[in-house]
Amino acid sequence: MKKNFLIVVANYYDKIALDLLGGAKLALKTYRVSAVSTITVPGVFEIPVVISKNIKKYDAFLALGCVIKGETPHFDFISKATTQAIMSLSIVNKKPIGNGIITSLNKKQAFSRSKKKGQEAAKAVLSVLKNF
């Protein structure tokens with residue numbers, strides 16, 4: 001598949017980010033994607049702006065990271081804002097953006113989901129690209 005991908009990964013939770021990235025790269029390698037670039041950001045809130053800045057340079061994107069619920073409403077604000085920004089970028093620019101951002105209630109749940117979420121997000125984008 002002759003498509004260029006950008007993966008933007010938030011490394012606030014290092015181990016989870018590595019699991020997500022590994023799964024995504026494995027899926028993209030399986031489909032022999034032309035080129036895959038990776039940009040690391042500190043948190044998921046920074047993902048949409050990095051995608052926006054690079055939207056014309058790539059055919060598809062993966063947003064990877066994790067938000068874990070704490071004792072304040074911060075989780076809700078960050079999760080909602082990030083998801084809406086990613087969806088808006090995708091629709092406005094007519095480019096697929098895989099949402100591989102885990103939103104979980106605790107670290108155990110996040111670690112469990114990190115094993116497959118990156119791969120699932122990559123496969124979803126690849127599926128959408130077949131229609132382009």
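Please count how many residues of region 1-16 are closer than 19 Å to LEU126 by Cβ and more than 12 Å from the chain's Cα centre (by Cα). Before you say what the answer is, go through the steps one by one.
Applying the first criterion (closer than 19 Å to LEU126 by Cβ) to region 1-16 yields 1-9.
If we keep only those that are more than 12 Å from the chain's Cα centre (by Cα) too, we end up with 1-4.
Summing the residues that are closer than 19 Å to LEU126 by Cβ and more than 12 Å from the chain's Cα centre (by Cα) in region 1-16 gives 4.
Cβ-Cβ under 9 Å, sequence separation 6+ or interchain: first residue in region 85-108 and closer than 18 Å to ALA122 by Cβ, partner of a type in the set (Asp, Glu). Which pairs?
Within 9 Å, the pairs are LYS95/ASP59; PRO96/ASP59; GLY98/GLU120; GLY100/GLU120.
Given the conditions (1) surrounded by fewer than 22 Cβ atoms within 10 Å (Cβ to Cβ); (2) part of a strand (DSSP E or B), and given that VAL8 satisfies all but one, which numbered condition is not satisfied?
Only one criterion in (1) surrounded by fewer than 22 Cβ atoms within 10 Å (Cβ to Cβ); (2) part of a strand (DSSP E or B) is unmet by VAL8, namely (1).
Here, each number is a calculation from the coordinates, and none is a lab measurement. From a predicted model like this one, the values you see are computed outputs, not experimental measurements. With ideal geometry, Cβ positions are generated from the backbone for all residues, glycine too; neighbour counts draw on all protein chains shown.
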